Structure formats: C-alpha cells, structure tokens
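Single-structure report; data block below.
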Amino acid sequence: MKIILVNYRYFISGGPEKYLFNIKEILEKHGHAVIPFSIRHNKNRPSPYENYFMKPLGTGDEVYANEYPKKNLKTILTVIGRMLYSFEAKRKIKKLIRDTQPDIVYLLYYQNKMSASVVDGAYQMGVPIVQRISDFGHICVDNLFYIYQKREICERCLHGSRLNAIRYRCVDNSVINSFLKVLALKIQDFRNTTKKISAFVFPAEFTSNKFKEFGIPDHKRHHIPTFYNQANEPAGEIMYDDFFLYVGRVDPDKGMLTLVKAFEETPYRLIIIGSSIDGHDEFLKNHLIGKNHHITFLGKLEFTEIRPYLQRCLCTICPSEWYENMPNTVLESYAHEKAVIASGLGALLDEVPDYETGLNFKVGNHIDLRAKVKLLFENKELAKKLGSKGKQKLLKEYSEKQHYEKLIDLFNTVKNENN
C-alpha cells in the first residue's frame, strides 16, 4: 500500500512526532511505501519528497508560535493564512497525489500550520483520508479543553458557541488570536472538513467519546491504542532509588504547580525533565525560592539522557489538569517497570488504573498527591508490584504488532469502501 503521511513537522519536537517516525518505520518494515508531506524546516529529517513540502513559516528555525518575528508583516500574514486556509497546501498535496498515486492519506497534525485545505486537496483527488486524533483541535480553539487563566477544564465550545473562546481569550490570552482560531474552525465547519475524513483514529476511548458528543458518528470512530516500539527491548538494569520523576512539558495545563506544591516542605526528592513554552518553569523556580525542597529542574533532554532516570526512579508522576489523550511518558514508565501516580482525569483513568499499574489522586489537589507520594515512598514493594503490572499492561495493550494490524485493517477497509 502507498500511504501519504501528513504532519506539520518533520522533526521530533514532542510525542506526536515520535509517533510520526515510529509509524513510518513500522509501515515501511511491512513493505508499504510511506510518502511524507510537511513544511520545510531547518530541523527536518531528509526526505526525497521535501520538494513537495510547503514553504517554511518565518525563517525555518522557529518551532513555536511565540518565536515568530512579531513585527515582520510577511510572516504575520503567512501565519494567519496557514491558520485559516492555505491554497499552497491544497495545491502541493494535489501535486504530490498526482505524482505518487497513493492509496490513502494518513493525517496527523495540520491545524494552525497547514489548515484544512490539505483535507480538501486529498478529497478532491479522490483519495480517502484517515486522521489520528491527538487533541481536541476540531472542537476547541486551544485544542485542550482548558482555560489557562482559570486553570480549569472548559467544554463551553463543545456544548455551546465557539464564541466563548473569544470571550475567555483562550488563545494566548488574546481576543485577536482567539478570533482568528474561531474563524479557522468556522471555515472548517463551512467546508464540512470532518465529513470529508473517512475515519478517525483515537488512542484513547475517552477522546473518542468526546468526539461522539461533538457529532462524529460511531462508524467513523476507531479506538486504536498507540504503541511503544521498544516494549520488548531490554530496559537496562531496573532500580528503585528514592526519587520521583516527571518528564514532559513544564506548563500550567500539565499540573506543574500542583506537583511542585506536593513536594515543597517535604523530604521527598523530585526530578523534573522538560521545558516550558511560556516560561512557566521559571515561575515555578521563583515560587520555590525560600522554601525547603528537594526538587531539581534538568530542562529538556534527549531520550537517551532521560532513560537512566527512568531506570532508577521509584516511580513517575503525571499530574495533568487537562484531558490527556495518551501521554508517551506513561508508556515509557511502564517499559521501565515503573508505576505512575496520575491525576484521576479523562483517559488517565483507563491508562493508569488505581492500585493496578499506579495510583490516582484528585486533580489539582497537592495534599492528595503528597499522600500518594508518601505511600509509595514508604512501600517500595508496592511500587515495584505496580510497576511490574505496568510492564504487563504495556505488552498486552500497547504493542507494535497490535497497533499495526488494527491500523492496516482500517486502511484496507477505508480503501475498499472508496473504490
């Protein structure tokens, strides 16, 4: 089978791109031809199809929106155009389809950087589209169902008008940016974008059910758990030292203030690996000034540098205060036989069953989180037992083989229905 794989980044900046390159490798290993379509960037991995890629946004060095030059009118107009509707994206994906004659388009991230025009381009060329859903971008203007200013879950755009996003300044705390994103989603609605997509892949049942509330019919929603492609590889020597580990974005929706409060004025050690988009890590460090704590911030590291900490930690913590879809850190913890202390929210309730592969705590409650930390610190055997069950869950439910078989079955079904 010949598959066009669409994502607005062709380099690793987070979990979605890890999936991009992992699934590309697996599909190619099984004899399929994978053709990437993305945006040119100075960090991109080389590809024989890069001439089909869209022009870079800005200089080609920026990763996040706040890095684009704010006074460069050309860049500003390009960013707005890519968010609303990009005729370049439509033109280039149609040319790629004409030249390669694919069987299917597998769509990952496109919003904000490519626009829904990529869907229109593939649809007009008669190629079926399958999209993997990693957030709530079709429904929520800021993708997360989360209001940063209030630090709370918000479903107002799911159950009411998207104009709520402008009222609450959901994008960058800006009325203008929120209006532009609302307009982009209104354009998607007008062009029936979700109706042009043949099937949606959801790593978590919780996310699938939210899209059911949004109106995506049952026959289009397919729960295919993600996978950890090193699950059967030796994880090295596993130890259970007296420290806890957090790996991921250091941003408010990740529950970082709750995490830090749980550890301040305690004897427990916490290592935080990751960086912030908006300087939240510096806010946390300032919050800790003058307080007794054993919290270490290591910043962003490569996985090869993270792995020794996964091998040695007592357990990991996932304190998210938004609806996580399927965080890679949970799977990485299980691969290293480590339990996870997770907020009892959304998909995490299924991925970290309480007292089976980890412990749950009340969302945003640092006292309850501290109690769970204390419990595992004083019961190392329980931590080992939960971690062992986590490894078993990983091998049973999140295997590469299972993911590939379900995904390729879906591709074949969609392809046959389109013929």
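Numerical summary
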read-out	value
Test: Lys181 is in a helix (DSSP H, G or I), more than 30 Å from Leu395 (Cβ to Cβ) and among the basic types (Lys, Arg)	yes
Residue list for the range 343-366, restricted to those being outside any loop (DSSP other than H, G, I, E, B) and among the polar types (S, T, N, Q)	Ser343, Asn360
Flag if Val250 is in contact with a strand residue (DSSP E or B) (Cβ under 7 Å, 6 or more places away or on another chain), at pLDDT 95 or above, in a loop (DSSP other than H, G, I, E, B) and among the β-branched types (Val, Ile, Thr)	yes
Residue check, Asp409 in a helix (DSSP H, G or I), surrounded by fewer than 22 Cβ atoms within 10 Å (Cβ to Cβ), touching a strand residue (DSSP E or B) at 6+ places or on another chain (Cβ under 7 Å) and at pLDDT 95 or above	no
Test for Arg98: is it surrounded by fewer than 18 Cβ atoms within 10 Å (Cβ to Cβ) and in the same structural domain as Gly126 (by TED's automatic domain parsing)	yes
Verdict on Leu369 being touching a helix residue (DSSP H, G or I) at 6+ places or on another chain (Cβ under 8 Å), surrounded by 23 or more Cβ atoms within 10 Å (Cβ to Cβ) and in a helix (DSSP H, G or I)	yes
Lone unmet requirement of (1) surrounded by 15 or more Cβ atoms within 10 Å (Cβ to Cβ); (2) part of a helix (DSSP H, G or I); (3) not acidic (Asp, Glu) for Ile76	(1)
Members of the range 294-323 that are surrounded by fewer than 17 Cβ atoms within 10 Å (Cβ to Cβ) and part of a loop (DSSP other than H, G, I, E, B)	His294, Lys300, Leu301, Glu302
Given (1) of a type in the set (D, E, K, R); (2) under 27 Å from Gln230 (Cβ atoms); (3) surrounded by fewer than 23 Cβ atoms within 10 Å (Cβ to Cβ), index of the condition Glu282 fails	(2)
Residue count for the range 160-178, restricted to those that are of a type outside the set (Gly, Ala, Ser) and either touching a residue at least 40 places away in the same chain (Cβ under 8 Å) or assigned to a loop (DSSP other than H, G, I, E, B) (or both)	8
Odd one out for Lys2 among (1) within 19 Å of Ile129 (Cα to Cα); (2) surrounded by 15 or more Cβ atoms within 10 Å (Cβ to Cβ); (3) of a type outside the set (Phe, Trp, Tyr)	(2)
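Here's the yes/no breakdown for (1) among the polar types (S, T, N, Q); (2) buried (at least 17 other Cβ atoms within 10 Å of the Cβ); (3) in contact (Cβ under 8 Å) with a residue 60 or more places away in the chain:
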site	(1), (2), (3)
Asn51	yes, no, no
Ile80	no, no, yes
Arg91	no, no, no
Gln124	yes, no, no
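The values are calculated or read from the model by the stated rules, or taken from the named source; none is laboratory data. Nothing here was measured: the structure is a model prediction, and the numbers come from that model. Here the Cβ is made from the backbone with ideal geometry for all residues, glycine too, and neighbour counts use every protein chain on show.
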